[in-house]
Structures are given as structure tokens and as C-alpha cells.
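Trainee: Would you mind keeping the following structure in view while I ask a few things?
Just so it is clear, none of the values below were taken in a lab; they were calculated from the coordinates. Every value quoted in this text rests on a predicted model; they were computed, and no experiment measured them. Reconstructed Cβ throughout: ideal geometry from the backbone, glycine too, with neighbour counts over all protein chains shown.
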């Protein structure tokens, strides 16, 4: 399937049904389909050819997301760009993608002005909602372009280029095919509850998980309610007012949601599935969330190279048949999905039996074809015939997958392997802890010293000695942090992930 097929499927069910809504403005499936034909033709008129790369730099916005389908009509490749990135990072990404066209919102004009000198391949810039130097206004760009059915044939199955984080140098570009997106969409529809026509609330950036989850929703003719900014008060109000059935939140936002005084008085009975993922989730906080919101939480585990659905834990799997919480599963990432093979591999390429820890490896039609113009990185990631996730974990006897850490975050202290995620889970059981990060710092005696940085709930106190005692009781002395620091906040990425690299840098600079 091409990306346009998801839109066209929804339009075939009811072209007048709402497709993309923000505030009081709603675009029907017919409206979005008509826009896609016009945008596709305008791209072709601007010189974009099938297989060319087109980037969108925008906040959450219906018109901007609708342009994704115009890019697909032109047979081109969608390159989502995070608007919160710095100019240098976005310049590197667009250059890496070989982008020839950029669709951008006016509010990012200062950012684009800093990017353009480093983008000689960029021949067309279109301002989606106003005017800016060096760009043609959207209304002028599509002026005179027909809205009749039209599309070009792409040269191959590549539909999407996704930039990986550049924390270790120049970022890589993940190639995602139509087959990858189709597999992800099929796994979404078979793994989670969908009763009736869904109403999906997109609070998280449409450039990330919130965007690709739109495709399976569209196949059912569902409505996508777009939030321009992550306001949790407005999020709760929209769930109640719009009778939202599906949404996605990263764990950090779920923690904030639990602190929101409106949570317990908001009508949330319409929710069928609240997806969580993109970072480890505290089992303690998850239990609280299910108790207060309801048994609607569905976990997903994936990465850019194998999007979203390597393993899943459906809402039903969070509870036992008698309705009690299946707490023993809350630390797992669920079971591998039906169309995906998952195994645990040793450092020498051997597949390990249940219970043994090693790198999580994956294969199947969910896995990317490779990294764009980077055969070396592609070969490294696909060694021994499996895609290497970089995550350390194990499969239990019931085939539940447990992720114990990122390989790069494992701490070796006194000759023992300690997984930071395990220590973080223990710290999160303390009622005063809002969030935390555990890292290893160089130590003459131990090799690495386990160090924790903790953010507490507002108005709460927890002495380091008390927190250390809580971890020691659960994990023993070896895995207990030698040092615990209390910070008012933790450095985070543009999508809310805690940045351990920045924490490590601060602590080493202060040493």
C-alpha cells in the first residue's frame, strides 16, 4: 500500500466523514483527498519527480499532515522533520535526505533562514500558512492546479525517510517502505481494540509515533483530532468532549497526567485504547494509571527501523480474567507480534534460550530495507540475518519480552552487569519520585559507579538515604546507587525522553 491508500480507503467508506480536525475546523475525507490531488500536481509542476524527497517542517496541523498524501500522490518520499530540532540538526537531516522541496509553516521562518545556506539541493520552499522570505505562499503555489484524481507511479516501495538521533555523530536516515507501514498498520488493527469508527486524539508530534498511528485509523474511516501543543488539561477536555476512543502518550506525559487535578473528574469512558511506549514505563505508575483511568492502556514496542509493533501488550493483557491487575506483566513489553520474529542473540551471533539475556533481534516485513545511502550501517544492523535493535532483554517461557536496558546504558560495576532500567523501576516505586535516570560514572575501585538523578513530585521530599534503602530492599546492595542526586527537573529530548548523555556530561564536568 502507498500512503494515499489509507486516505482513499477512509474516503471510500464516507467522503463526507471528518478526517482531520483541529479546534472548530474539520476537513472531511473528501477535503483531504482533494487537497492531496492538488498538492501532488503542484509538486510535479515545481519539478518534484517520483522518488524525490519532500520534507515537511510544521507543528501539529491538519493542512500540514494532509500534505503527506500529496507527497505520496506525486510518487515522492515523505521526510518528517521535528520542528523542535536546532537549525544545524535539521540542516544535516535535509541534506542527508537529499531533499529538493520543503513545505514549512511561517512560524519557522527564522529557523529556515539559518538552514537554507547549508541546503544547496533544496530548490523549492513553500510556506503553508502565510509568507516568508525565499518561499512561495501555499495559495500561490497551488493556484490554477486542478483537483481531479491524479497520481504518479513511484519508482520503488520507499515511502518515508526517518532521521535517527544524532547523539553519536551524523544521524542516519531510516528507509521505510510501503510494506513496512502496511505491516505496522495491520499489526495495530489486529493487536488492539477497535469498535466502531475510531476518534483518535493526536497530542504527541505527528512527525513521530502519533503520525504513523493515523494510517490504521484512516482505514476504518476514523476521525483524527489534532492538538497543536501538548496541553494535558485540554487533552482531558477533548477526550470528554469529542468522545475520543484512541490516543498515544509517552510515559513522561502519563506521569504528568496522573498529577493533573482534573483527571479523576473527567469522563473517560469513551477510551478503548491509550497507547504508551517510546520509553520504559514505571510498573507502579502503570498500575495507578489503570486504576484511575480504566483498563484501556496498550503498550507498544518498536523503533524507527521496525516501527511501533515489534511487540505489544493489549489492554486485555494488562488484567487477569477475574479483573485484577496482571502486575507480573507490567515490566514486560508484551509478546512479539504475529508477523514479526523476535529472538535474543549473544555477542557472537548465537540465539539464546528463554530466560537468558542478550540483544533483542528482529526480522520480518516490519523491518526497514536499510539506512539511506549507508550500506556500512545497514550491514552492521543486519548482521547474522537479523535486525539488531541495540536493546538488551530476554524472553520468558511464556514468550513475553522483557527489555532490561539499552546496550549502551548497561553499567559494569565491580565486575557485575547492572541494567539502569531495572534500578530506575525500583526508584519509581517510591511515592515521592516523579521521574529518574540512572547512569554509570567512572570509578577507580568499581570501574563504574551507579549514580541516580531523581526528580521528585512537587512539594514532596525523599532523602537520598531513604531512596537508597528502597532500591536495596528490592534489588540488593550491588545494584543500589552509590550516589543519588535530587534535581528539580531532568533534561529531556524534543519528545520527552530523558537525556542521559546530558546528565552524564553535567556530572562529569562537575567532578
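Trainee: Please list 194-200, 504-510, 210-216 highest first by mean number of surrounding beta-carbon atoms within 10 Å per residue. Let's see the in-between values first.
Mentor: On the way: 194-200: 16.7, 504-510: 11.6, 210-216: 23.3.
Ranking the peptides 194-200, 504-510, 210-216 by packing returns 210-216, 194-200, 504-510.
Trainee: Right, something else. Where does each of 335-341, 176-182 land if you order them by average Cβ count within 10 Å, highest first?
Mentor: 176-182, 335-341
Trainee: Taking only C-alpha pairs under 8 Å that are 6+ residues apart, what is the relative contact order of region 3-179 in percent?
Mentor: 23
Trainee: Further question: If I model a spin label at residue 147 and residue 279 as a point 7 Å from the Cα along the Cα→Cβ vector, what separation in nanometres do I get?
Mentor: 4.2
Trainee: Determine the gain in length on full extension of the stretch residue 508-residue 106; use 0.36 nm per residue of separation and subtract their C-alpha separation, reporting nm with one decimal. Can you show the working numbers first?
Mentor: Details: separation 402, 0.36 × 402 = 144.72 nm, distance 4.01 nm.
So the extension gain works out to 140.7 nm.
Trainee: Between residue 373 and residue 82, what is the FRET efficiency for a Förster distance of 25 Å, r being their Cβ-Cβ separation, to the nearest 0.05? It would help to have the intermediate numbers written out before the result.
Mentor: Values: r = 21 Å, r/R0 = 0.83.
Once rounded, the FRET efficiency stands at 0.75.
Trainee: Can you tell me what percent of all Cα-Cα pairs in region 230-406 are more than 21 Å apart?
Mentor: On the way: 8213 of 15576 pairs.
Of the Cα pairs, 53 percent sit more than 21 Å apart.
Trainee: In nm, to one decimal, how far is the modelled label at residue 398 from the one at residue 258, with both set 7 Å along Cα→Cβ?
Mentor: Output for this residue pair reads 2.2 nm.
Trainee: I would also like to ask the following. Using Cα pairs closer than 8 Å and at least 6 residues apart in sequence, work out the relative contact order for the chain, in percent. List each step's numbers first, then the result.
Mentor: Numbers: 1051 pairs, mean separation 52.5, N = 511.
Relative CO of the chain lands at 10 percent.
Trainee: Using a ≥ b ≥ c from the Cα gyration tensor of region 414-509 (square roots of the eigenvalues), is it rounded, prolate or oblate, where a/c under 1.5 gives rounded and otherwise the larger of a/b and b/c decides, a/b for prolate?
Mentor: oblate
Trainee: Follow-up. Just to confirm my numbers, what's the Cα centroid distance between region 9-30 and region 314-388 in Å?
Mentor: 36
Trainee: Using the alpha-carbon centroid of each, what span in Å lies between region 448-511 and region 283-305?
Mentor: The distance from the Cα centre of region 448-511 to that of region 283-305 comes to 23 Å.
Trainee: Which percentage, to the nearest 5, of the DSSP beta bridges contained in the chain is antiparallel? Can you show the working numbers first?
Mentor: On the way: 49 of 85 bridges.
So the antiparallel bridges amount to about 60 percent of the total.
Trainee: Which order do 318, 208, 399, 246 fall in if you start with the one that has the fewest other Cβ atoms within 10 Å?
Mentor: 399, 208, 318, 246
Trainee: Looking at the square roots a ≥ b ≥ c of the eigenvalues of the Cα gyration tensor of region 244-286, which shape do they give, rounded for a/c under 1.5, prolate if a/b is larger than b/c, or oblate?
Mentor: Oblate, since a/c reaches 1.5 and b/c is not below a/b.
Trainee: Counting only the backbone N, which residues of region 54-91 are under 12 Å from the spot 7 Å out from the Cα of residue 501 toward its beta-carbon?
Mentor: Correct set: 89.
Trainee: Kirkwood hydrodynamic radius of region 164-277 from all distinct Cα pairs, in Å?
Mentor: Evaluated over region 164-277, this radius sits at 15.3 Å.
Trainee: Roughly what angle does helix 62-73 make with the longest principal axis of the chain, taking Cα atoms, 0 to 90 degrees, to the nearest 10?
Mentor: 70
Trainee: Determine the gain in length on full extension of the stretch residue 350-residue 464; use 0.36 nm per residue of separation and subtract their C-alpha separation, reporting nm with one decimal.
Mentor: Here the answer is 36.9 nm.
Trainee: Per residue of the chain, what 222 nm ellipticity follows from adding -39500 (n - 2.57) for every DSSP H run with n ≥ 4, rounded to the nearest 500?
Mentor: Roughly -8500 deg cm²/dmol at 222 nm, from the helical runs in the chain.
Trainee: Let me ask something additional. If I take R0 = 22 Å and measure r between the Cβ atoms of residue 156 and residue 383 in this structure, what FRET efficiency does the formula 1/(1 + (r/R0)^6) give, to the nearest 0.05? Please list the in-between numbers first.
Mentor: Details: r = 24 Å, r/R0 = 1.11.
Plugging the Cβ-Cβ distance into 1/(1 + (r/R0)^6) gives 0.35.
Trainee: Let me ask something additional. With everything on Cα atoms, drop me the angle between helix 3-13 and the longest principal axis of the chain, reported from 0 to 90° to the nearest 10.
Mentor: Between the helix axis and the principal axis of the chain, the angle is about 80 degrees.
Trainee: Expressed as an acute angle from 0 to 90° and rounded to the nearest 10, what is the orientation of the C-alpha long axis of helix 87-97 relative to the principal long axis of the chain?
Mentor: 70
Trainee: Taking 0.36 nm per residue of separation and subtracting the Cα-Cα distance, what length does fully extending residue 49 through residue 129 add?
Mentor: Details: separation 80, 0.36 × 80 = 28.80 nm, distance 2.41 nm.
Going from the current span to full extension adds 26.4 nm.
Trainee: Going from the alpha-carbon gyration tensor of region 320-395, what semi-axes, largest first and in whole Å, does one get by taking the root of 5 times each eigenvalue?
Mentor: 29, 15, 10
Trainee: Hey, another quick one. Give me the compactness ratio for region 3-179, meaning the Cα radius of gyration over 2.2 N^0.38 Å.
Mentor: For region 3-179, the normalised Cα radius of gyration is 1.00.
Trainee: Right, another one. Got the relative contact order for region 230-406 handy, in percent, Cα pairs under 8 Å and 6 or more residues apart?
Mentor: Contact order relative to length: 15 percent.
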